[in-house]
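A quick write-up on the structure given underneath.
The values are calculated or read from the model by the stated rules, or taken from the named source; none is laboratory data. Note that the coordinates shown come from a computational prediction; the quantities given were computed from them, not determined experimentally. Every residue, glycine as well, gets a Cβ built from its backbone with ideal geometry; the counts of neighbours run over all protein chains shown.
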């Protein structure tokens, strides 16, 4: 035990606040005791020191606390009246989540449409004034200036006010729903920055969409409305206290995310499936209801708004922020076409994986080199200028003219074409991405030449790739769909050239290509099928879409992860996948657990508690009895668990026993409710204890979780993982056959090992954890 | 303890084989020790002796066994090659599940279509020969005779060969997927009887559909193909052994059920959602893939078959066995119509709940009075004759004629109408239910008068109600849709009369009515929306359908359970709902657990084991060490669990230690695989042990589950329930703080209490369990 003690004292000297450091040392001694069961040989020699998991992000605890206070509150809420009131309130809250998500979609849509209209109108007016001469650069400069200005504001807002609002937000929402408390992701300010930012970014002509950010916005609306609290006004709606716990909040956020999808694509069922497939890590029946209700209301709100502004009231059309329109030609397809679709799925998978890889390299470069706030803003402005300059130069250089009647674009530029013609590439580059998508899907076969389409695809691929990861709110759905629709239309064009009778409509192939490309990048097949099905308003397209997307997913998965998972990995988030690695069966609970653990006793002097926890600010402490050893890391029988948040609250409220055993103050449920979710920090509370407090005693029994789940130390990792993930735990004590605590497993411990197959050999590497800077 | 011992000895004398009887006695002593935590008052006086749970049906264990043999096998399967082979095999099996489910749908469709065609053709030929005179009774008799004959054969097959094939099969599949091993439900014979039976029943003119049975058929195909075993030939496909466990089998069955829905309605996504909402109690990502893949293939197979026989190859049309056709008028709707849809949802909910209640009363009557096989057959024949007679009399009595051009029916009867007219009610009653549905949805506004529709709705409501529960395979989807389409069309008709311009198409209301009625009866809202959406091939109908179905569900839920849950209750199955009752928080593990428990020791003499278990044939035994008491119910420290199946296998294979400690025989994984799922019965094995065997020792350590999940006795029922249900356990040991076994919780224990709110008071009743006769 000598070097164990050395290691321990080392940890103490440094005052390391994570479970993990101590463990690394301890485990070395322990693993020799319990040999691995497997028949495989593991090499554990060369660790990868560059694989990090962010220790700064904490997890949620979805297992309800079971102590006297919470149980009594649970019983009170189990009354018939409370249940009925709860259900009504839930639906009311969901209704408003849907309405507000729908309304934000309306506002975003309206703002982008109008800003873009004025922008394109002024630029095209200038272009029409100076079509031929050198003066053509004047509108170019104007366009570039407007775009850079808009993008610059978006980036400034994001960088200074809410850095977490950059990107699509889907990786963050995915982590949040998986149980990771991503900081500031659910703040009101984040949402406002996201909303304003996406308006500016899309109007600023970047290769971004507004659909991804809608999902983030919906989630924040849900989180905010369900908690019913205005922190800066210190106002809190009493009736919503039943929703103030991690579990309820998570469910509302799922519903909000789905409502966002529903508004973005007019796809309530798609939204539900998206939330289930991509987001919600925990699925149960009431949740599906909750989600669907909110999506329905959200979609309905937007549809109503659209019907008010565009057609007549209640005349609903399919689609949401983006709508594809009906593609009649997809109602039947023959065997050749099915083969083509599958082939396009392959292409989509390949091209998607390439996109992910390229973007991943770029993101890593950005993480290392573009770190200051001003650099981030400058980068965004540069990318915006590059985008505009590139688009304008191409429009100027590529003189491919088509009859004006062919296009459905709102601002077809004449440029150097004849009077009743337009510059075909301008209807792709000189309009909002949604309009470009519609033209690709619906314009007649000969509108665009193959060279125009090829240039468009290459340029847009490059632009989308460098844009995703900028410090602006940026959705990836629309750029992916555009790239795919572009190369899909090329294939359609080729087919049309070969056999104009059977392959009359390249729009069919454009849609399939769009699906393939998007599927290759994001890899959410099932929900995408339904989303695209609902966005086109046609069920028959479901089958070919599903086939294409499935192939794209499998192909892509062979080469890289999906873009969201890639970004989650790049941000070192400890996401728990649905199922553990199959080699997890070779590891046991004792391999995983962090150890030694800091224990508490049911009744203890505050001074003793302070001594124990001061340098060990873990997030959960087992409560034990009958420890036979006087050292602070001795083993005792597990009787409860208490989280650091609850302990901090206890100490802050001075819920002590006086020296003569009288209760000074008992916590009530209200204390917990008032504190949620911003419990006091344990470190701060400890620093504020007076000498009198130190002499008092603390009775943890009414406050600790009385009956924690625990696992025997011999349980395989596979089963530990299922227990941990299905129940949404945060701390899982490991006990021996006498129920004595041996260690503790947290979310990070389940990511402790990296299992790999390298040239037929099995490798298990233990990851090095570090707190992210 | 004296009366505990009395109770014990009483139990022993009777040789009671269930955990429960002993518990009843024991609990009385124990509950006094641990008082309830709640603030509520419970009355426990008047028990309901008529509420039974069927003890004969055992549960599955979805928690993988963790012992040396299974873990080693798991490690072997974790190799890269094995994983790849496993995934390929899985997809291959799923592909064939889809193909065979699709093919069975084709066969059923083809058979019903042709039998019905010949039947209706002959009867209508006879009717046209004797249209006016008294001779009209001749075709009536013929029709009645054909129908009774067909129904009679169907009932005979079901009653004598596979009683479990009666009804739609959905309640049974739901129970199976929930973890209940419903006997004989997955047998090949059951499937054949179901298939032949449904052909005969639908051709026999009963008010039944073929869609529900397709789900059962798909499930059986999945169970059979995934296990790759022909028991009567003693043939077993070695490569499929990886799928031979409860968990894999359950996942394949989910996929099969979804494939059934996909074939029935042409709705692959709907099938997935149906499997998730109604069936699969355990949802994870790979499962959704599995399910979707099989549904896609199944739908594709049927669509290909349909395109081959009806249009040209690969020209796909929406729908499966039933298709609704496109209802263009549903593409827009105004505010009044939305209100109407909601109102129709209310009507659907009411009428659905009434249906469920009436059918439930009838089923209870049947369970008591129609018990012999012959009575069941006679009942089916009587109902068939009544159906035919009623239909024929109505056709004869109601002389409502419409122009022949109005109908899309294949056999419009002229009866007493003019030459270019037809008897309008005949196109509803004198055709297959699918055709009647199409006519209701698509025939022009004035085809049917309100009186004709009213008569049809009333008659069909009555017939559907008495038919569901007969001993024939009978789906409930189509009858429900027909009833709803009927009264929906009445509403459409009224609206059309009021304002022919705005409400031009009663088909729109017919569809909404159909959805409302079906939703009111089965209460699966989400999946039904998608199913109906896919069956009509139109996405825009999604929103109104969803609204209607939601209202219908909520309305119906206020009055009764859904029909499937009602039938599950009537059959006393211990289904575990998604979430426990909210009052569960008032109960703790010690209230639930069965106690005393029969323990085993890690190493014990066979004779001692036999003595222990002979009269206590439980399904799982905790293995303990360090029991301090010599009585057989003393408490010891939990070190493992072993199921009766595995114990029986051990004993049957004589996996003993000889008296001098040598291993006589060690079980291998192959032994387990060969035995699955028909392990030897413990009782039989015990009876066959010789005197030599009795002297041997049994070392349970390599065979028991080393690290069972367990819960502390103070854990609330809510948390116990989540653990039990999410992990799909079968036995859950309850331990005290020293890890000593205090009791055991099984599925039935979670249904032990009936929580009720009666006039503002809370009541908890303890149910009496009994083995069903």
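Could you check, for segment B:572-585, whether at least one of its residues is within 14 Å of another protein chain (Cβ to nearest Cβ), buried (at least 23 other Cβ atoms within 10 Å of the Cβ) and within 21 Å of residue B:359 (Cβ to Cβ)? No: zero hits. Can you tell me which residue within segment A:599-618, out of those that are crowded, with 19+ Cβ neighbours inside 10 Å and over 33 Å from the mean Cα position of the chain (by Cα), is farthest from the other protein chains (Cβ to nearest Cβ)? The selected residue is A:606. Considered as a group, the residues in segment A:497-528 that are under 20 Å from the mean Cα position of the chain (by Cα) and within 14 Å of chain B (Cβ to nearest Cβ) include one that is nearest to residue A:273 (Cα to Cα), and that residue is A:527. Can you go through B:654, B:701 and tell me which one is over 33 Å from the mean Cα position of the chain (by Cα), surrounded by fewer than 18 Cβ atoms within 10 Å (Cβ to Cβ) and within 14 Å of chain A (Cβ to nearest Cβ)? Within the list B:654, B:701, the selection yields B:701. Those residues that are surrounded by 18 or more Cβ atoms within 10 Å (Cβ to Cβ), under 29 Å from the mean Cα position of the chain (by Cα) and not in a helix (DSSP H, G or I), I need them from segment A:371-399; list them, please. The answer is none; no residue qualifies.
Within segment B:558-565, identify whether any single residue is touching a strand residue (DSSP E or B) at 6+ places or on another chain (Cβ under 7 Å) and either at pLDDT 85 or above or assigned to a loop (DSSP other than H, G, I, E, B) (or both), and answer yes or no. No, segment B:558-565 has no match at all.
Please tell me if residue B:562 is away from chain A (no Cβ under 14 Å) and closer than 21 Å to residue B:362 by Cα. Spelling it out, it is not the case that residue B:562 is away from chain A (no Cβ under 14 Å) and closer than 21 Å to residue B:362 by Cα.
So that you can scan it fast, the table gives a plain yes or no per residue for (1) at positive phi; (2) in a helix (DSSP H, G or I):
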residue: B:648; (1), (2): no, yes
residue: B:654; (1), (2): yes, no
residue: B:667; (1), (2): no, no
residue: B:674; (1), (2): no, yes
residue: B:680; (1), (2): no, no
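Given the structure, is residue B:677 surrounded by fewer than 18 Cβ atoms within 10 Å (Cβ to Cβ) and within 14 Å of chain A (Cβ to nearest Cβ)? Considered against the rule, which asks whether it is surrounded by fewer than 18 Cβ atoms within 10 Å (Cβ to Cβ) and within 14 Å of chain A (Cβ to nearest Cβ), residue B:677 comes out as no. Screening segment A:165-259 for helices (runs of 4 or more DSSP H) wholly inside it with 1 or more residues that are over 23 Å from residue A:273 (Cα atoms) returns the ranges A:188-203, A:211-227.
Among the residues making up segment A:70-84, a single one is in contact with a helix residue (DSSP H, G or I) (Cβ under 9 Å, 6 or more places away or on another chain), more than 8 Å from every other protein chain (Cβ to nearest Cβ) and either farther than 30 Å from residue A:185 by Cα or part of a loop (DSSP other than H, G, I, E, B) (or both): A:82.
Could you pull out the residue among A:471, A:480 that is assigned to a loop (DSSP other than H, G, I, E, B) and touching a helix residue (DSSP H, G or I) at 6+ places or on another chain (Cβ under 8 Å)? Answer to the check: A:471. Here residue A:537 meets each of (1) closer than 30 Å to residue B:262 by Cα; (2) out of contact with any helix residue (DSSP H, G or I) (no Cβ under 7 Å at 6 or more places or on another chain); (3) away from chain B (no Cβ under 14 Å) with one exception, condition (3).
Of all residues in segment B:296-333, those satisfying the criterion of being at pLDDT below 75, facing chain A (nearest Cβ under 9 Å) and buried (at least 19 other Cβ atoms within 10 Å of the Cβ) are B:316, B:318, B:333.
Look through B:548, B:579 and report the one residue that is outside any helix (DSSP H, G or I) and either more than 30 Å from residue B:485 (Cα to Cα) or modelled with pLDDT of 85 or more (or both). Show your work before the answer.
Working: B:548 fails: outside any helix (DSSP H, G or I).
Exactly one of B:548, B:579 is outside any helix (DSSP H, G or I) and either more than 30 Å from residue B:485 (Cα to Cα) or modelled with pLDDT of 85 or more (or both), namely B:579.
Within segment B:418-439, the residues that satisfy the criterion of being without any contact (Cβ under 8 Å) to a residue 24 or more places away in the chain and either in contact with a helix residue (DSSP H, G or I) (Cβ under 9 Å, 6 or more places away or on another chain) or buried (at least 22 other Cβ atoms within 10 Å of the Cβ) (or both) are B:419, B:420, B:421, B:422, B:427. Annotation: of all residues in segment A:717-728 being buried (at least 24 other Cβ atoms within 10 Å of the Cβ) and either in contact with a strand residue (DSSP E or B) (Cβ under 6 Å, 6 or more places away or on another chain) or under 16 Å from residue A:180 (Cα atoms) (or both), the one that is farthest from the other protein chains (Cβ to nearest Cβ) is A:724. Across segment B:718-741, the number of residues qualifying as part of a strand (DSSP E or B) and over 15 Å from residue B:707 (Cα atoms) comes to 0. Each residue in segment A:334-376 was checked for being within 14 Å of chain B (Cβ to nearest Cβ) and at pLDDT 95 or above, and 1 of them qualify.
Name every residue in segment A:51-69 that is modelled with pLDDT under 80 and in a loop (DSSP other than H, G, I, E, B), in order of residue number.
Quick first cut of segment A:51-69, residues modelled with pLDDT under 80 only: A:51-58.
Scanning segment A:51-69 gives A:51, A:52, A:53, A:55, A:56, A:57, A:58.
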